[in-house]
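Engineer: After the structure tokens below, expect a handful of questions from me.
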Amino acid sequence: MSIETATDDRKARLGRLTFRAWRRGFREADLVLGPFIDREGPSLAKADMDDLEALLAQDDDHRIYAWIIGTEPTPVEFETPVMGRIRRFMTAHVAQAVRDGAG
């Protein structure tokens, strides 16, 4: 596979992940996962993209959000480095939104 093809494949995959992150069906999840993928997506390693793809394949958005905010235990298969990044992003994102006057 050429570098150009690999780059195109990565862009397409990132586009699919972005679509799925922003259109969860549960607004709170959208507001964490959408901005996360917009800001952090381009720097995700392939393994992180794999883990995020598996997370976004889950249908229960309320449960995903509960894992992110820590109100439910995260299943071992989703307790990944990318979940840690999502949690850190959410903490910073929410803190910034509050500083900006949200809430």
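Engineer: Please work out if Asp38 is of a type in the set (Asp, Glu), in contact with a helix residue (DSSP H, G or I) (Cβ under 8 Å, 6 or more places away or on another chain) and surrounded by 14 or more Cβ atoms within 10 Å (Cβ to Cβ).
Structural biologist: no
Engineer: While we're here: Looking at the structure I just gave you, is Val82 modelled with pLDDT of 95 or more, within 9 Å of the chain's Cα centre (by Cα), in a helix (DSSP H, G or I) and among the hydrophobic types (A, V, I, L, M, F, W, C)?
Structural biologist: yes
Engineer: Among the candidates Val76, Val94, which residue alone is hydrophobic (A, V, I, L, M, F, W, C) and modelled with pLDDT of 95 or more?
Structural biologist: From the options Val76, Val94, the qualifying one is Val76.
Engineer: (1) of a type outside the set (Phe, Trp, Tyr); (2) assigned to a helix (DSSP H, G or I); (3) modelled with pLDDT under 95: which one isn't true of Gly101, the others all being true?
Structural biologist: Just one mismatch for Gly101, condition (2).
Engineer: Contact list please: Cβ distance under 7 Å, first residue in segment 1-22 and among the charged types (D, E, K, R), second residue in a helix (DSSP H, G or I) and modelled with pLDDT of 90 or more, pairs at least six apart or on different chains.
Structural biologist: Arg13/Met49; Arg20/Leu56
The values are calculated or read from the model by the stated rules, or taken from the named source; none is laboratory data. Note that this is a predicted model, so its numbers are computed, not measured. When we count neighbours, we look across all protein chains shown, and the Cβ atoms used for this are built from the backbone with ideal geometry, even at glycine.
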